[in-house]
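Have a look at the structure below, then the notes.
Every number here is computed from the coordinates shown, using simple stated rules; none is lab data. Computed from a predicted model, the values in this text were never measured in an experiment. Heads up, the Cβs are rebuilt from the backbone with ideal geometry, glycines too, and the neighbour counts pull from every protein chain shown.
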Amino acid sequence: MKRTLARRRLLRAGLVSGAGLAAAALAGCGETQIVEREVVKIVTQEVIVEKIVTQEVIKEVAVEKVVEKIVEVEKEKIVEKIVEKIVTVEAAQPKKAAVALQFNTWWGTVEEYEAEVGDPFTAQNPHITIDWQVTPWGEYWQKMQTQAVSNQLPDFFGQSVAINWDWANKGLVFNLGPVIKRDIDVSKHYTSIWQQARYPVPGHPDQYMMPMETVMSLIYFNVDLFDDAGVDFPEPTWTFNDWEEAGAKLTKTEDGKTTQFGLWGQNSNAFLDAFINSNDGLVLTPDFKTCLLDQPKSVEMIDRTVGWISQGMGPTAAQAADIGGGAQLFTTGRLAMDITGSWQVDAYLKSTDLNFDLMMVPTGPVRRVIYGGPDSWAISSGSTHFEEAWEVIAYGISEERSYKNFPLGRIASNIAVSTSEDFRKKGRVPGYKYLFDSVEYIKGADFGPSWVEWRNAFSNELAPAFLGEKSAQDAATAATEKIQSILDKVAWPAGLE
Amino acid sequence: MKLSDSTLGRSLGGLGPRRGSGLHQWVQVLPFLFPTLVGMLLFTHGAVLAAFFISLTRWDAFTPWVWVGLDNYKDLFAADTLFTRSMIQTAYYTLVSVPLGIVAALLAAVLVNQKLRFMTFYRTVFFLPGITSIVAVAMVWLWLYNPDFGVINWLLGMVNIDGPPWLGSTKWAMPAVIIFGVWRGLGYNMVILLAGLQGIPDVYYEAAEVDGASKFRRFWHITLPLLSPTTFFVLIISLIGSFQVFEQTYVLTEGGPAYATMTIAYYIFLQAFQWFHMGIASALAFMLFLAVMVVTVLQFSVQRKWVHYD
C-alpha cells in the first residue's frame, strides 16, 4: 500500500516536472527568450512509516502550487524557479527482536483478550505476541502459587488486591512505581483506587500491580417485591436507618419463620468493613499494624448487623448457604435487598425472571463508605520482558482499549473509558449509573499483610456473634486478639518494623 | 523378605541362577528393582524426610528457609489454639464416623448380598456416591441442609421435629459433615464387606440352620466372626481416612462456622497452601502422622482379641 502510494506520487512529481519542461520548450519556440532552470533537490529523510504519509500529503499540495506558479511564470516570462522536492525514503528501522509474552488471569475470556487487547496491541507492536490464558478462580491461585514456587510465573498476570502485599513482600512481582511515573498520565485515571495497590502502605510511591478495573458494593433490590410491599425504591439519599426501615417492611413471616427476608448485610469484606468505617470505626489502623475491631465504634456496627439477623430481617449464613453465597435467595425472590459486590450484576442480568435494580450503598452514621477493590495486572519478577509486559499493561489502561473487554460490574481504571457512553450502557438497568457515582466513596478492606490469614480469623471469630452464641463485644475481642497475633508475626520491610 | 532360588527361578522365567550366594542373587535382582526403588526412595521416603526437615524451618516456599529447630512443634502446643482444637475435632469426627460408617456399610452389604432380582442395580446405587464428584454432591447437600427450605428439615418437620440449622450451627455443623462423610464412604466400604460376606462358606450357615440357630444368631456367631478380617481392614482404612478428612469440610463448611469443623487436614491445607507457613504445616503433618500411627498400632495390638482368621 505504502509502496503504491509512493510510486504514484513520484509519477505525479514526474508529470509536474514534465509540465515544467514542456512549458520551457514552448517558451523556447517564441520570440522572447526564456531562461528556464529547474533545480530538484532531493533530501533524504529517515522517518517512521506513519510520518511518511503525513509528509507526502503536504508535499502533494506543494507540488500543485508549483504547477500554478508555472502558469504564472509563463505570463511573466520568468521561468527560473526552484522546485524543491523532498523525497522521503523509508529507512530500514532497527528490527526489534520478537517477544512472546505469557499472560494468565481469572476473569474474561481468551477470545475477548485476543480481540480487544491482543490484536490491536500487536498491530501497533508487531514484534510482541501474547499468549492469553484464563483459568477459573477456583484453580487460578493454586496454579499461580505452584508456578511462583517453581519460578515459572507468566510474564504478567491478573493479580488480586488481597495477596498483592504478600507477593510484593516476597519479591515475586516487579515494582511498577517508576514506570508509572515515567509513562502514565495519572490525571486520566481513578488514582484514589490505586492507593490499594501501593506497598507497603497507601500513599507510598511503590506500586506492585496496576489496577485495570474496580469492583464495588451496591444495593441490589428486587423491584417486584418492593412494588408488592408498597415500599419506595432506595434513593441515593438513603441512610442505613432508611435501609432498616424498608427491610422491616419487606420482611414476611409465616408460622414464626421468615419466608421473605427484607435485607442482608454479610459478615464479609463486601459489606461489614465499610459499614464499620461509615461509623468512623476501624478494623485495622492505616499502617496495617494494629487491629481495632474491639473498639466501641466498630462493635456498634457489628452489633447492628447481628441485630438484622436476630430480628429475622436478614438470613443467617446457613439460611443463605448455596452455590452463590446467598445469590439464590435473591434470584428466587426470597430476599428483597442485598448489599454485595458489583460482580453479581452479570449473574443477575442472566436471571430472566429477576426484576432488579441497583442503588448506591446508604450513608452511615458518620459518612458514606463503600467497599471497593481493584482487579489488577502485575509483572512477574522472573520475567525477562519487563518493558514489553509493561507496554501491554500501559495499553490496557489507556483510552485506546475497547470498553467491550471489561466485564459487567467493573469500572475501568481509565476515566475516559469508564465515562464513555458505550461503557455506561453495558449495565442495562437504570441503577447501573450508581457504579460511577460510588467511586468517590470507595475504600478497600485493609488489604495489607497476611490478609488471607487474618481474614479467616475475622470470619471465624465473629461468627459466634452472628449465630447468637456470643455478644458482639466478646466476639470482636476474640477476633482482635487473634488478628493481632497474626499481624505481630508479619515480616515488614526494613525500616518499617 | 528372603528370596529363594526357586522364587528367583520363577520370577526370572527359569533363567535365574541355580546356585550361588545371597549377595550374588541380589546383584542379579537389583537392576530389576532399581527403577522402583529409586522412585520410592525419592518420591516417598525422600519427600517424608524433606517434610521433616521443613518442619524444623520457617519457610514460605518463596524465600529462603530459616532454621528454627523444634520451635514449630513447641508453638503448636504452647501458642496455637487451633492445633488443639482441630485435633479434638478430628478425633470427634473419627470416633463417630468410623463406627457409624462401618455399621452402615455392613448393613448395606448384607442387604445387597441377598439373592434378589436387580441386585446389581442396587449395588450400583449404593456405590454411586463414592464415584460422584464431591463438589457436585456437596452442592446438593448444601440445599438438603438448608434450615428453612432443605429436605432434611422438611422431613423432620413431618414428624414434628424442629430441625437444627445444621451447617450454620457450631453444634450441628460437625454432625452434618459426618453424615455427609458416611454417606459418601458407604459404597466403597460396602463393596469390601460384600466381598468378605461372599467368601464365607455356606456350610457354616447350613450346619447352624440344622442346629436350629435363628437368623440373628447365625449373623452374630458366624457372619461377624468370619467377616472380622475384612472388618478389621475396613476399620484401619476408615480410621486413616477419617484422620485425613478434608474434602467434606472443604466443600461444605471451609472449617467453619467459628472453626467448628476445622479438622487437622484442613488446618494443614490452610497453613500450607493459603498462608504459606510450610514449616508449621509440615510440623502439623508429622503430628497427624504420629496420631495415625499410634491409633493403628493400638488397633493391631488389640485385633487378636476380636479378629478371627480361621
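Normalised by residue number, the volume inside the convex hull of the Cα atoms of the protein assembly as shown is 304 Å³ per residue. Here region A:294-311 is scanned for amide nitrogen atoms under 11 Å from the site 7 Å beyond the Cα of A:SER351 along Cα-to-Cβ, giving none. When only alpha carbons of region A:193-330 are considered, Rg and Dmax amount to 17.8, 59 Å. Across region B:28-67, the fraction of Cα-Cα pairs farther apart than 16 Å, rounded to a whole number, is 51%.
The protection proxy used here, the mean number of other Cβ atoms lying within 10 Å of each residue, ranks peptides A:468-477, B:97-106, B:41-50, A:151-160 as follows, highest first: A:151-160, B:97-106, A:468-477, B:41-50.
For A:PHE356, nonlocal amide neighbours, meaning residues 5 or more places apart or on other chains whose placed amide H falls under 5 Å from its own, are A:VAL223. Only Cα pairs under 8 Å and 6+ residues apart enter the sum, and on that basis the relative contact order of region A:253-384 stands at 33 percent. Return the FRET efficiency for the residue pair A:THR129, B:ASP211: r is the Cβ-Cβ distance, R0 is 60 Å, and the value is rounded to the nearest 0.05. Here the calculated transfer efficiency is 0.10. Only sites in a loop by DSSP and with at most 15 other Cβ atoms within 10 Å count here; which GluC sites (Glu not before Pro) in region A:347-429 make the cut? Sparse-neighbourhood loop GluC sites (Glu not before Pro): A:GLU399, A:GLU400. Stretched out straight at 0.36 nm per residue, the stretch from A:ASN241 to A:ASP422 would grow longer than its current Cα-Cα span by 61.6 nm.
Here the Karplus relation 6.51 cos²θ - 1.76 cosθ + 1.60, evaluated at θ = phi - 60°, turns the backbone of region B:251-256 into coupling constants of 8, 8, 10, 6, x, x Hz, with x for every Gly and Pro. Note on region A:111-169 and region B:95-142: Cα centroid distance 43 Å, given to the nearest whole angstrom. Hydrophobic long helices, here whole DSSP H runs in chain B with Kyte-Doolittle means of at least -1.0 and Cα atoms spread over 30 Å or more along the helix axis, are found at B:81-111, B:173-198, B:278-302.
With 10 Å bins beginning at zero, the pair-distance distribution over Cα atoms of region A:237-290 amounts to 20, 38, 25, 13, 4 %.
Placing +1 on the Cβ of every Lys and Arg and -1 on the Cβ of every Asp and Glu, with no other charges, gives the protein assembly as shown a dipole of roughly 2640 debye about its Cα centre.
Within chain B, the proportion of C-alpha pairs whose separation exceeds 26 Å stands at 63%. Based on the convex hull around the alpha carbon atoms, region A:148-214 presents an average projected area of 4.7 nm². Ranking A:MET301, A:THR331, A:ASN267 by Cα position along the charge dipole of region A:267-388, where only Lys, Arg, Asp and Glu carry charges on their C-beta atoms, puts A:MET301 farthest toward the positive end. Reducing region B:31-71 and region A:407-476 to their Cα centroids gives an inter-centroid distance of 42 Å. For the cross-link pairs A:LYS188/A:LYS350; A:LYS257/A:LYS443; A:LYS96/A:LYS181; A:LYS443/A:LYS470; A:LYS252/A:LYS426, the ones whose C-alpha atoms lie over 27 Å apart are A:LYS188/A:LYS350; A:LYS257/A:LYS443; A:LYS443/A:LYS470; A:LYS252/A:LYS426. Every helix of 4 or more DSSP H residues in the protein assembly as shown counts as -39500 (n - 2.57), and over all residues that averages to -15500 deg cm²/dmol at 222 nm.
Rg ratio for region B:230-271: its Cα radius of gyration over 2.2 N^0.38 Å, N being its residue count, equals 1.32. Taking amide H as placed 1.01 Å from N in the peptide plane, the amide H of B:ARG58 sits under 5 Å from that of B:VAL66, B:TRP67, B:VAL68, each at least 5 places away or on another chain. Residue separation of B:ALA195 and B:PHE121 scaled by 0.36 nm, minus their Cα-Cα distance, works out to 25.0 nm of gained length.
Quick one: plug the Kirkwood hydrodynamic radius of region B:21-102 (C-alpha pairs) into Stokes-Einstein at 10 °C, 1.306 mPa s, and report D in µm²/s. For the chosen part, D equals 93 µm²/s. Calculated on C-alpha atoms, the gyration radius of region A:389-495 divided by its Kirkwood radius gives an Rg/Rh of 1.15. Contact order, relative form, for chain B: 25 percent (alpha carbon pairs under 8 Å, 6 or more residues apart, mean separation divided by residue count).
Roughly how far apart, in whole Å, are the Cα centres of region A:236-289 and region A:324-364? Cα centres, region A:236-289 to region A:324-364: 14 Å.
Using bins of 5 Å that start at zero, the share of Cα-Cα pairs per bin across region B:87-192 amounts to 2, 12, 18, 18, 20, 17, 9, 3, 1, 0, in whole %.
Looking at the protein assembly as shown, the DSSP beta bridges with both ends there are about 60 percent antiparallel.
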